[in-house]
1. For the stretch 375-393, check the following and say yes or no: at least one residue is of a type in the set (D, E, K, R), part of a helix (DSSP H, G or I) and either in contact with a Pro (Cβ under 9 Å, 6 or more places away or on another chain) or farther than 19 Å from His308 by Cα (or both).
2. Got a number for residues in the stretch 306-357 being of a type in the set (Phe, Trp, Tyr) and either in a loop (DSSP other than H, G, I, E, B) or over 24 Å from Asn277 (Cβ atoms) (or both)?
3. Here is a list of conditions, (1) surrounded by fewer than 18 Cβ atoms within 10 Å (Cβ to Cβ); (2) touching a residue at least 12 places away in the same chain (Cβ under 8 Å), and Lys332 meets all of them except one; can you say which number that is?
4. Among the residues of the stretch 259-283, which ones are part of a loop (DSSP other than H, G, I, E, B) and among the acidic types (Asp, Glu)?
5. Any idea which residue in the stretch 53-100 is nearest to Glu305 (Cα to Cα), counting only those that are charged (D, E, K, R) and at pLDDT below 80?
6. Report, by residue number, each residue of the stretch 229-258 that is more than 14 Å from the chain's Cα centre (by Cα) and part of a loop (DSSP other than H, G, I, E, B).
7. Would you say Tyr113 is of a type in the set (Ser, Thr, Tyr), modelled with pLDDT of 90 or more and surrounded by 20 or more Cβ atoms within 10 Å (Cβ to Cβ)?
8. Looking for whichever is of a type outside the set (S, T, N, Q), modelled with pLDDT of 95 or more and under 29 Å from Glu123 (Cβ atoms) here; the options are Ala329, Ala336. Which one fits?
Amino acid sequence: MDKQSDNDKLDPKTKGGEHPQLNSVDILQGSGKAGQSNKTGDQKPSEAQQAGPGEKIRLPASTDTSAKEPPIGVALLQDNETIVLHLKGKKGDLSGEAEVEYKLGDKLYDDVYKHLGGIKKGETKLVPAWQDDTTSKPEQQPARQSSIDGPKPQQEPDKDLNKDPNKDQDSKPGDQSSTTTTDATAPGVSTPDVTAPSALIPDVVVPASTQFVDMVNDTYAKMSPEVRDLLAKDGTVVTPTRRITDALPELKGQKPRGWPPGLTWDAVDGAYSPSRNLVVVAEETRKTGNQWVKSNRTEDVTRHEIGHATDYAINKLSDSTAYTKAYEADIKAMPANLNGTLKYFLQSGDGGKEEACAEGIAVREGGSTSGKTFELGFPKSIAAINDALLLIRAKLPTAPARSSGPGTISKPAETETGGSPPL
């Protein structure tokens, strides 16, 4: 699918008086405000580094070939020097969001800081893609293990071709030496096939906690009747899961393209796939130190991902003439002090519009991580979204707050395979 949906949280929302948090991040096209194009890859080094009067020369964010790729998210430097990356991963039309922290002293802290070209406290910057090793060294690309992948190792032929396999010429009757038939082939003894590939052994999937499932369901139930009615008619599925790869096992162990070293899809806590019409919200994410932690932004992620699903259910509201005009008007009138904070929503191409639309729906349906910041920056966009959804309200029947039949359903990932009871 040409258009990708992305979920991202807005601008900083202070939690517990601590640092602000942004939403998830999309694979961006270009860096900077909407309508601008990044052509530094076509410039000569001397031209790319020249600055106009009163402008500062910005160091390149990355010197490898991946710098030509779209950004993978946004970065924020907190007052305690912690770098927070809000990343967007993509696999086909599936897009997922992750929030990753690098604290001062962490193994990869300096590498991340240099990759960003430096960053100041309170500054928000787009994150350029890392160069994947598999791009430059295809022979080292990891392959999924299965019984049919790659050539099987050649078995060593029997050195004594004339030897009767059913008779040991060196052993005497009753001799229990190591050359005799093993227990594994003895009559009446059955043992598992130790040569069976481990990939055929299914992982044990632990369901999400009841509290987490209830939180996702309650967040959905509190959304407006028009959104719930729309998604019920469209057949959208909302799946709470303990970990993202429990619901999407094909992503287990895989690294999203351009992501920092050491991160896989298990770092994602929210995802949306237009082709599957599927929203997935994860209770736990795996951070850079391989420790699993509970997500602290479940309600915001749920609303934002459902915002993307709503956008697609209305035939891409973000592409409509009314919304596009409102979005462009907001950009022209945006206060200068909000440009940095809302940079993610100002990206060029369709990425900025789609993210702003999903976030605008999240704001309308209960709030976002930005508090009032997004509302101040995109009032016309939110009004256009509201107008479109109010038209939907008049046309659709009322959906239940919590569906269990056809249409929009909310269920743990394990119910996909019958592994856990329904809600």
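1. Narrowing the stretch 375-393 to residues of a type in the set (D, E, K, R): 375, 380, 387, 393.
Imposing the further condition that a residue be part of a helix (DSSP H, G or I) reduces the set to 375, 380, 387, 393.
Add one more test, that the residue is either in contact with a Pro (Cβ under 9 Å, 6 or more places away or on another chain) or farther than 19 Å from His308 by Cα (or both), and what stays is 393.
Taking every residue of the stretch 375-393 in turn, at least one turns out to be of a type in the set (D, E, K, R), part of a helix (DSSP H, G or I) and either in contact with a Pro (Cβ under 9 Å, 6 or more places away or on another chain) or farther than 19 Å from His308 by Cα (or both).
2. Pass one, the stretch 306-357, residues of a type in the set (Phe, Trp, Tyr): 312, 323, 327, 344-345.
Next, from what is left, pick out any that are either in a loop (DSSP other than H, G, I, E, B) or over 24 Å from Asn277 (Cβ atoms) (or both): 327, 344-345.
So the answer is 3.
3. Tallying (1) surrounded by fewer than 18 Cβ atoms within 10 Å (Cβ to Cβ); (2) touching a residue at least 12 places away in the same chain (Cβ under 8 Å), Lys332 fails exactly one: (2).
4. Start the filter on the stretch 259-283 by keeping residues that are part of a loop (DSSP other than H, G, I, E, B), which leaves 259-264, 274-277, 283.
Hit for the stretch 259-283 is Glu283, nothing else.
5. First, the residues of the stretch 53-100 that are charged (D, E, K, R): 55-56, 58, 64, 68-69, 79, 81, 88, 90-91, 93, 97, 99.
Within this subset, residues satisfying the condition of being at pLDDT below 80 are 55-56, 58, 64, 68-69.
Details: Glu55: 38, Lys56: 38, Arg58: 34, Asp64: 32, Lys68: 28, Glu69: 24 Å.
Step by step, filter the stretch 53-100, then rank; the result is Glu69.
6. Residues satisfying the conditions are Gly235, Thr236, Arg242.
7. Numbers: of a type in the set (Ser, Thr, Tyr): yes; modelled with pLDDT of 90 or more: yes; surrounded by 20 or more Cβ atoms within 10 Å (Cβ to Cβ): no.
In short, no.
8. Ala329
The values are calculated or read from the model by the stated rules, or taken from the named source; none is laboratory data. Model, not experiment: these values are computed from the prediction. A quick note on method: Cβ atoms are made from the backbone with ideal geometry, for glycine too, and the neighbour counts reach across all protein chains shown.
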